[in-house]
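**Student:** The structure is given below, and queries will be raised subsequently.
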Amino acid sequence: MAPRPLRRRTKLSDVIVEDVKRLIVAERLKPGDRVPREPELIESYGCSKGTVREALKALEVEGLIVTRTGPGGGAYLADAGSDPAARMLRNFLHFRHIDGAGVYQIRKVVEPELAASVVGLLSEENFSALEENVIACSRPPESEEEQRRQRILELEFHNILADVCPNPLLAFIGRFLNDMLRDLVVLKQAYKPERHQFGEANVAYHRRLLVAYRVQDATQVRALMLEHMRDAERHMTALEGEVANSFLLGFPRG
């Protein structure tokens with residue numbers, strides 16, 4: 001009979017980390033709220049100061065808490081941003097050679113729902129930002145750099161919508177996909193081929209979306225955004241193909 005594999009014993013500091021995370025969720029703590037003090041944790045877990053400090057350090061490295069010294073010091077819940085985690089995940093996917101088709105497979109599902117979720121929630125300030133974005137993207141680009149800026153600015157239109165989205169998970173996925181596309185535009189230099197019909201189509205869809213948002217037509221917004229995503233996917237696929245062909249033609253052959 002083969003010996004049973006030994007189970008790895010969970011470190012007490014890891015237990016404390018997970019318990020503090022559960023506390024944050026259960027108590028719905030907000031940035032700036034205090035988490036249990038060192039003496040409280042030592043008493044609760046019957047452990048050493050070193051074990052507690054190891055747990056708090058792990059939470060700090062994860063960006064969940066900040067520690068303060070002096071009067072009123074201790075550990076407080078941080079305003080955890082999504083950028084570091086999203087950047088690491090994008091790097092992971094780029095090394096798996098994700099392309100525009102892979103991004104749009106998900107974007108065609110996410111963007112219509114995200115767009116519909118903000119119907120009736122856009123403020124006049126949001127509308128102004130969206131309209132200014134459309135105007136900036138409507139100008140004919142006069143240089144390669146301006147083409148690059150416009151491709152990225154077109155994605156910012158969608159980030160403005162994501163900022164208003166009431167579902168934080170949906171908003172995160174929407175922004176994440178936009179950032180993936182921005183990376184692809186820059187890394188693959190997909191802004192270089194002069195494909196003015198791409199920019200013109202994006203502007204046209206954005207204008208139509210603004211009209212639908214003004215009348216708060218969620219059905220029309222959802223349908224327009226899906227059509228927009230399908231059209232953008234065709235343009236992005238074509239641009240990536242042009243970039244790949246130009247690279248191969250310029251690559252020295254032995």
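**Student:** Among the numbered conditions (1) farther than 26 Å from Arg90 by Cβ; (2) among the aliphatic types (A, V, I, L, M); (3) modelled with pLDDT of 90 or more, tell me where Leu249 comes up short.
**Tutor:** Every listed condition holds for Leu249 apart from (3).
**Student:** Do you know which residues across the stretch 128-146 are in a helix (DSSP H, G or I) and more than 13 Å from Gly199 (Cα to Cα)?
**Tutor:** Ser128, Ala129, Leu130, Glu131, Glu132, Glu144, Glu145
**Student:** Return the residues of the stretch 111-152 that are under 25 Å from Met180 (Cβ atoms) and charged (D, E, K, R); say none if nothing qualifies.
**Tutor:** Correct list: Glu111, Glu113, Glu132, Glu144, Glu145, Glu146, Arg148, Arg149, Arg151.
**Student:** Can you find even one residue in the stretch 68-84 that is within 24 Å of Met236 (Cα to Cα), without any contact (Cβ under 8 Å) to a residue 40 or more places away in the chain and under 24 Å from the mean Cα position of the chain (by Cα)? Working first, answer last.
**Tutor:** In the first step, residues of the stretch 68-84 are kept if they are within 24 Å of Met236 (Cα to Cα); the result is none.
There is no residue in the stretch 68-84 that is within 24 Å of Met236 (Cα to Cα), without any contact (Cβ under 8 Å) to a residue 40 or more places away in the chain and under 24 Å from the mean Cα position of the chain (by Cα).
**Student:** Here is a follow-up. Within the stretch 156-178, which residues are part of a helix (DSSP H, G or I) and surrounded by fewer than 19 Cβ atoms within 10 Å (Cβ to Cβ)? Break it down into steps so the answer makes sense when it comes.
**Tutor:** Taking the stretch 156-178 as the starting set, the residues that turn out to be part of a helix (DSSP H, G or I) are 156-164, 168-178.
Matches in the stretch 156-178: Glu156, Asn159, Ile160, Asp163, Val164, Pro168, Leu169, Leu170, Phe172.
**Student:** Also, quick follow-up: Restricting the stretch 147-164 to residues that are modelled with pLDDT of 90 or more and among the charged types (D, E, K, R), which is farthest from His196 (Cα to Cα)?
**Tutor:** Asp163
**Student:** Related question: Looking at Val118, Val103, which is the one that is at pLDDT 80 or above, surrounded by 15 or more Cβ atoms within 10 Å (Cβ to Cβ) and within 16 Å of the chain's Cα centre (by Cα)?
**Tutor:** Details: Val118 fails: within 16 Å of the chain's Cα centre (by Cα).
Selected residue: Val103, the only one of Val118, Val103 that is at pLDDT 80 or above, surrounded by 15 or more Cβ atoms within 10 Å (Cβ to Cβ) and within 16 Å of the chain's Cα centre (by Cα).
**Student:** Which ones in the stretch 156-176 are of a type in the set (A, V, I, L, M) and more than 23 Å from Glu124 (Cβ to Cβ)?
**Tutor:** Listed by number, the residues that qualify are Leu169, Leu170, Ile173.
**Student:** Then there is this: Yes or no: the stretch 122-140 includes at least one residue that is among the basic types (Lys, Arg) and closer than 22 Å to Cys165 by Cβ.
**Tutor:** Checked against the condition, which is being among the basic types (Lys, Arg) and closer than 22 Å to Cys165 by Cβ, the stretch 122-140 yields no hits at all.
**Student:** Something else: Name the pairs whose Cβ atoms lie under 9 Å apart, with the first residue in the stretch 158-174 and not assigned by TED's automatic domain parsing to the domain that holds Leu209, the second assigned to a loop (DSSP other than H, G, I, E, B) and surrounded by 14 or more Cβ atoms within 10 Å (Cβ to Cβ), and 6 or more positions between them or separate chains?
**Tutor:** Here the result reads none, with nothing in the stretch 158-174 linked to a residue that is assigned to a loop (DSSP other than H, G, I, E, B) and surrounded by 14 or more Cβ atoms within 10 Å (Cβ to Cβ).
**Student:** Out of contact with any Leu (no Cβ under 7 Å at 6 or more places or on another chain), modelled with pLDDT of 90 or more, hydrophobic (A, V, I, L, M, F, W, C) and closer than 28 Å to Phe172 by Cβ - does that describe any residue in the stretch 44-55?
**Tutor:** So far as the stretch 44-55 goes, yes, one or more of its residues are out of contact with any Leu (no Cβ under 7 Å at 6 or more places or on another chain), modelled with pLDDT of 90 or more, hydrophobic (A, V, I, L, M, F, W, C) and closer than 28 Å to Phe172 by Cβ.
**Student:** Still on this model: Just one of the numbered conditions (1) of a type outside the set (S, T, N, Q); (2) at pLDDT below 95; (3) over 21 Å from Gly102 (Cα atoms) is not true of Asp217; which one?
**Tutor:** Checking Asp217 against (1) of a type outside the set (S, T, N, Q); (2) at pLDDT below 95; (3) over 21 Å from Gly102 (Cα atoms), the one that fails is (2).
The values are calculated or read from the model by the stated rules, or taken from the named source; none is laboratory data. Keep in mind that what you see is a predicted model, and the values were worked out from it rather than measured. Backbone-built Cβ (ideal geometry, glycine too); neighbour counts: all protein chains shown.
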